[in-house]
Every structure is written in structure tokens, then in C-alpha cells.
Amino acid sequence: MNWFEGISLCPGGAVGPIHVLPALTNQKGVSLPTVEEELERLEAARETALARLEEQRAAAREQLGEEEAEIFRLHALMLEDQDFVETAQKAVRAGRCAEDGVREAEETFAAAFRALDDPYLQGRMADVEEVSRLWREVLAGGAGRLELERPAILWAKECSSGELIALDRDKALGLVVEHMAPDSHAAILVRAMGLPTVTGIAPQKHWEGVYAALDAERGRLWLEPEESVRAALEQKCRQAQARRRELERWRDAPVRTRDGRTVTVCANIGSAREAALALEQGAQGVGLFRTEFLCLDKERSPGEEEQFAVYRQALEAMQGRRVVIRTLDIGGDKHPPWLETGQGENPALGLRGIRLSLKRPELFVPQLRAVLRAARYGKAAVMFPMVTSPAEVRNARKLLERCRAELEEEGLPTGEVEVGVMIETPAAALMAGELAEEADFFSIGTNDLTQYTLAMDRQDPDLQGMYDSRHPAVLALIRRTVEEGHRHGRRVALCGQLGADRDMTKTLLQMGVDELSVPVGEVLALKEHISGLELSQKRE
Ligand code: PEP
Ligand code: MG
């Protein structure tokens, strides 16, 4: 029996025949009629590719929402980039074929990105590769659409976001690719599509049509699996499906523990499209909208109109349930390319979160105005990240009120917004009493609270097992926050990853946490779990 092991990008399972997607032919060294004809061929293919990107953008907008569609606009910008296009043309003028020209441009730009120190920008190499691939595909006369005759597990060398968008989701059972960076747009898309995907396995043409089993949870692809493997995976898929169906009964149910305590279970989202998913998954609100995800891969900071449209979409999708919009938490490890602040020695301790927003009103004001305007379309709250002192909240509130006054003067209607503070620094937890006087509610960010309390980088793989949100020091700060919040009549939510740790739910609720906000996929299971808890039993 054959099996291959790769890395899971989107969990799930699939059983069915393999369909190996054709790789682009490498036309290196093909001799050509004239340079002029080849330049024309290059240009015609570029224009077709641009038209195709526009089609893909429209399809993505319709199927997945505005943010996912943005990828295709970025790719079009790359194809219009003068340096990029001229690099390809120069190679053709030097006597090489159009395909080689595109390859030259791709290699030059990919090398430039690779040489950068910044992992985010290095990740953009994938975009250069995708755009070049599309351009070469058009040159090779490729249809650009994956017409699948029957349901299959797709196996490809690479797969662009364009190809993914064009996929017939009913026929694509799973995806195996040789190359797909976990942070690439394509990987974000497979997750958004819920397509079980494994990367790191090279396609083998002769496996076309062969029956296979994909266990995307373990990152394993079995070819001609033994009956026992196939049956086990099929059973796993059936169980997962049955479990999902079973959990559906919690979708519209309020959450109450066995001894009658009502708890709110919300979802954490990073895009307006995810808000619709959150509602579908039974979220009673959005406890954390990480707005920085809207702009990390953009070429400029998002403007007021753009943000207004996204927040409005999220609020409308949640149909009157509260959406907590966290203001930009950029700086630190989340450094978008357009943010031209100096990166200090230690960005996690540098100008980030509310500190950055207060220092850069040209970024903060459009966001506050967008939130205030969108608030008319639902129940909105704004929340400030990385707070360390009451003065920061006072200043942010002042600015919010000034924005409201200006909008009213301009005749632009606004809605009510509650103001929340994230408790994710030890300073904020220790000053929870003072902060409660400035805020309408708290939300505890246990990811950063753990990082700053334990002085352990949350991203450092060497600290696995040591970076622990259950550490007694972190729990003591959570307890203090809840007590102080409640003493001032404030609701206390928790939106860090600890909220999804079901072994800790009882402890958190016994401490008095009023609301848990967790990744969308965790909402239903958490609702079920809470409903089986008895809080009056011995304190844990
Ligand atoms: C947190 O720090 O716990 C949190 C929810 O915010 P983020 O993970 O976005 O930093
Ligand atoms: Mg945080």
C-alpha cells in the first residue's frame, strides 16, 4: 500500500478517485518566429489574464465576499506593474520566448521578495508565482478553469486562488498540492472553502483515476488504501458529519448551565464573510472582529469607506447580534507593508495596538468614523487592544466623540456604540478597577496576557509546553479582572484561545466570566459543553 505524508492546511477527510491536474508545460528554449510577434503574444496573454482576474474577482465577490475578492485585484495590480511587465519584455527582446520572459520576471521578483528580511513580505512571493503562473497558463492556451467530470481528490503541483475559486466545490472532494505556503492567499481560501487540503506531496501522473483516501487531519494521502484504512477514514468522515449534524441543535439554543447560569457564546472573526458563517454556526454575537486582517496584505491603509462597507456587512450579517469591532492591532508582529513606522528591537513591546492608533490619528480617525457610521446597521461595539492605562481609554473615547460630532456636522448619521477594553497586559489586569470606570465592558485577551505575564513569546516554537494560558499567574489576573469588572457593574468576556479550551470552561465560568468568544468552528461544541456543566459543584 502506498501512502504519502504532507502538512495539513485544512482538516477533513475525503475518499474517491484521484484527478491529477496538469502541470504547466515548461516551454523554456522554444525557438520563435520574430521578437515582435512574441512581444505581441506576451501582451495579448497579459490582457487575457487581466480579464480572467476580473472574472475571478467577480466570482469571488459573489461566492465568498469582498475581502476574498481583493486577492484578485492585487494580482491584477501585479500584472500591471511596469517593472514586472518590462522584465518579461526585456527577456523576449533578448531573443527568448514569451514563456521564458514571464519566468524571468517571476524569478527576478521572487528573488527580490526572498531577499527581504520580513517574513510577511517573503510570503508575498506566492502572489508573484500565482500571477506568473496564470500568465504562462494563458500563453500555453490553458482554459484557466478546472472542469471536473466527476467528484475527485485533486492532486496538483500548485493551485492558485483563481483556480480554487473556479472549482466546482461539489466535485472537489479534497486537495493535495506540492507547494502551498500556509500563509498564502490560496491557503486562506481553502480554509474559507472548507476544502480538506494537504501540502508537501508531489503529484504523480500515473496515479490518475486511482482510488485514494485523504486524511487531511493527519496530512496523509493513501493510494489504493486497504479496505481497513478506507473504512476507517470513511467512518471518521461519517462520524464528523454526524457530529456536526448533532451539534446543529445548539444553533439557536440559548446557553445555560445545568444549574441555570446563562452564558453568552460568541465568535471571533477576521472578515465580514466570517460573520455570516458565525451566525450559521450559532454564535450569539461576534466577541472579537480582528480588523487588522482586513489590511495586512493591502498596499495602503484601508480608508473610511472601505471599512464602513465591511463593518456594515458584518453587522447586517449578524442580524442584530452584537459585533465587537476591535480597532487595528497592528505593529508588533502584525506589520503591514504600508505601515512606515520604525520597527524597534522588540516589536511585541513597541508601538502597537492602541498606542499606535493614538499616535497615528490619520489611521485611527477613519476607523472610528467607519465604526460610528456602520453602527446604524446593527448592534456595534468598539474595543481597544493593548491598553495599559485609563488615560489611553479616555483619549480614545474623546477622539470617538469628536468623530461623532464631526460626522453629525457633515450630515452623516451615526449609531450607538459601546466602548470595550481588551485586558491583555498585566498592567490592564492590575488596573481593572480604574479601567472599568472608563469602559462599558472588558474582554480578556489571554493570548497576549499569557505572553506578557510569563514573558514568553507566543510565537516561539521552542516555548511549546511552557507558554501556557493555564499558568496560575494568568488565572490570577483573569480572576482579578472579573472581580473588578463586576464590582463596577461591567460585563467581562474572554476572547483569547483559552476560551476554546473546554477543560478550562468550568473554571472560567466559576470565576464569573460572562461571555466566551471562540473561533467560529468551536461555537457549537462549546455551547453543548456549557449546557452540561454544573457550576455549583466544587470549584476547580
Ligand atoms: C489575545 O491576545 O488574546 C487576543 C484575543 O488578541 P490577538 O490574538 O488578536 O492578539
Ligand atoms: Mg492580543
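Do the conditions hold for E515, that is, is it more than 30 Å from C403 (Cα to Cα), crowded, with 19+ Cβ neighbours inside 10 Å and either more than 16 Å from ligand 2 (Cβ to nearest atom) or of a type in the set (G, A, S) (or both)?
no
Criterion first (surrounded by 15 or more Cβ atoms within 10 Å (Cβ to Cβ) and at pLDDT below 85) does E67 satisfy it?
On the way: surrounded by 15 or more Cβ atoms within 10 Å (Cβ to Cβ): yes; at pLDDT below 85: yes.
When the stated conditions are applied, E67 passes them.
If you take the residues of region 136-155 that are surrounded by 16 or more Cβ atoms within 10 Å (Cβ to Cβ) and under 27 Å from the mean Cα position of the chain (by Cα), which of them is modelled with the lowest pLDDT?
By that ranking, first place goes to G144.
Here are the criteria: (1) within 16 Å of ligand 1 (Cβ to nearest atom); (2) surrounded by fewer than 23 Cβ atoms within 10 Å (Cβ to Cβ); (3) among the hydroxyl-bearing types (S, T, Y). Tell me which single one S357 does not satisfy.
(2) is the only condition that S357 fails.
Given the conditions (1) at pLDDT 95 or above; (2) in contact with a His (Cβ under 9 Å, 6 or more places away or on another chain), and given that Y377 satisfies all but one, which numbered condition is not satisfied?
Going through (1) at pLDDT 95 or above; (2) in contact with a His (Cβ under 9 Å, 6 or more places away or on another chain) one by one, Y377 breaks only (2).
Please work out which residue is nearest to ligand 1 (Cβ to nearest atom), limiting yourself to region 400-428 and to residues that are in a strand (DSSP E or B) and farther than 19 Å from F308 by Cβ. Write out each step before concluding.
The first filter runs over region 400-428 and keeps only residues in a strand (DSSP E or B), leaving 417-423.
Next cut, farther than 19 Å from F308 by Cβ only: 420-423.
Values: G420: 12, V421: 13, M422: 7, I423: 9 Å.
If we take residues in region 400-428 being in a strand (DSSP E or B) and farther than 19 Å from F308 by Cβ, then M422 is nearest to ligand 1 (Cβ to nearest atom).
Looking at region 70-95 only, could you name the residues that are loosely packed, with under 15 Cβ neighbours inside 10 Å and small (G, A, S)?
Those that are loosely packed, with under 15 Cβ neighbours inside 10 Å and small (G, A, S): A94, G95.
Would you check which residues across region 225-256 are free of Cβ contacts under 8 Å to residues at least 24 places away in the same chain and either in contact with a strand residue (DSSP E or B) (Cβ under 6 Å, 6 or more places away or on another chain) or among the small types (G, A, S) (or both) and list them?
S228, A231, A232, A242
Taking helices (runs of 4 or more DSSP H) that do not extend beyond region 429-502, which have at least 3 residues that are at pLDDT below 95 and within 16 Å of ligand 1 (Cβ to nearest atom)?
Fully inside region 429-502 and qualifying: 446-454.
Out of G270, G260, G287, G282, which single residue is touching a residue at least 12 places away in the same chain (Cβ under 8 Å) and on the phi > 0 side of the Ramachandran plot? Even if it seems obvious, please write down each step before you answer.
Numbers: G270 fails: on the phi > 0 side of the Ramachandran plot; G260 fails: touching a residue at least 12 places away in the same chain (Cβ under 8 Å); G287 fails: on the phi > 0 side of the Ramachandran plot.
Of the residues listed, the single one that is touching a residue at least 12 places away in the same chain (Cβ under 8 Å) and on the phi > 0 side of the Ramachandran plot is G282.
So, of the residues in region 232-246 that are of a type in the set (A, V, I, L, M, F, W, C) and out of contact with any Asp or Glu (no Cβ under 6 Å at 6 or more places or on another chain), which turns out to be surrounded by the fewest Cβ atoms within 10 Å (Cβ to Cβ)? It would help to see each step written out before you state the result.
Applying the first criterion (of a type in the set (A, V, I, L, M, F, W, C)) to region 232-246 yields 232-233, 237, 240, 242.
Going one step further and asking which of them are out of contact with any Asp or Glu (no Cβ under 6 Å at 6 or more places or on another chain), we end up with 232, 237, 240, 242.
Working: A232: 15, C237: 19, A240: 14, A242: 10.
So, considering only residues that are of a type in the set (A, V, I, L, M, F, W, C) and out of contact with any Asp or Glu (no Cβ under 6 Å at 6 or more places or on another chain), the one surrounded by the fewest Cβ atoms within 10 Å (Cβ to Cβ) is A242.
Test A391 against the criterion of being without any contact (Cβ under 8 Å) to a residue 12 or more places away in the chain and among the hydrophobic types (A, V, I, L, M, F, W, C), and give yes or no. Before the answer, list the steps.
On the way: without any contact (Cβ under 8 Å) to a residue 12 or more places away in the chain: yes; among the hydrophobic types (A, V, I, L, M, F, W, C): yes.
Judged against the criteria, A391 is a match.
Within region 419-432, identify whether any single residue is assigned by TED's automatic domain parsing to the domain that holds V474, crowded, with 23+ Cβ neighbours inside 10 Å, over 24 Å from the mean Cα position of the chain (by Cα) and away from ligand 2 (no atom under 15 Å from the Cβ), and answer yes or no.
yes
If you check every pair at least six apart or on different chains, which have Cβ atoms under 8 Å apart with a residue in region 446-458 that is assigned by TED's automatic domain parsing to the domain that holds A348 and among the aliphatic types (A, V, I, L, M) first and a residue that is within 8 Å of ligand 2 (Cβ to nearest atom) and assigned to a loop (DSSP other than H, G, I, E, B) second?
L449/E424; L449/G496
So, in region 189-225, exactly how many residues are in contact with an Asp or Glu (Cβ under 7 Å, 6 or more places away or on another chain) and of a type in the set (K, R)?
The total comes to 1.
Do any strands (runs of 3 or more DSSP E) entirely within region 201-290 hold 2 or more residues that are closer than 20 Å to L508 by Cβ, and if so, which? It would help to see each step written out before you state the result.
Values: elements: 211-215, 220-223, 264-269, 286-290.
It comes to 264-269, 286-290.
Please enumerate the residues belonging to region 267-324 that are within 16 Å of ligand 2 (Cβ to nearest atom) and among the aromatic types (F, W, Y).
F289, F293
Which of the strands (runs of 3 or more DSSP E) found entirely inside region 1-41 contain at least 3 residues meeting this: at pLDDT 85 or above?
On the way: elements: 2-5, 7-10, 13-20.
Hits in region 1-41: 2-5, 13-20.
Being among the β-branched types (V, I, T) and either in contact with a Pro (Cβ under 6 Å, 6 or more places away or on another chain) or away from ligand 2 (no atom under 16 Å from the Cβ) (or both): is that true of T505 here? So that I can check it myself, show each step before the final result.
Values: among the β-branched types (V, I, T): yes; either in contact with a Pro (Cβ under 6 Å, 6 or more places away or on another chain) or away from ligand 2 (no atom under 16 Å from the Cβ) (or both): yes.
Criteria met by T505.
Only one of L79, L116 is aliphatic (A, V, I, L, M), assigned to a helix (DSSP H, G or I) and outside the structural domain of G331 (by TED's automatic domain parsing); which? Break it down stepwise before answering.
Numbers: L116 fails: assigned to a helix (DSSP H, G or I).
Result: L79 is the single residue among L79, L116 that is aliphatic (A, V, I, L, M), assigned to a helix (DSSP H, G or I) and outside the structural domain of G331 (by TED's automatic domain parsing).
The values are calculated or read from the model by the stated rules, or taken from the named source; none is laboratory data. Quick caveat: nothing in here was measured; it's all calculated off a predicted structure. Glycine gets a Cβ as well: all are built from the backbone with ideal geometry, and neighbour counts include every protein chain shown.
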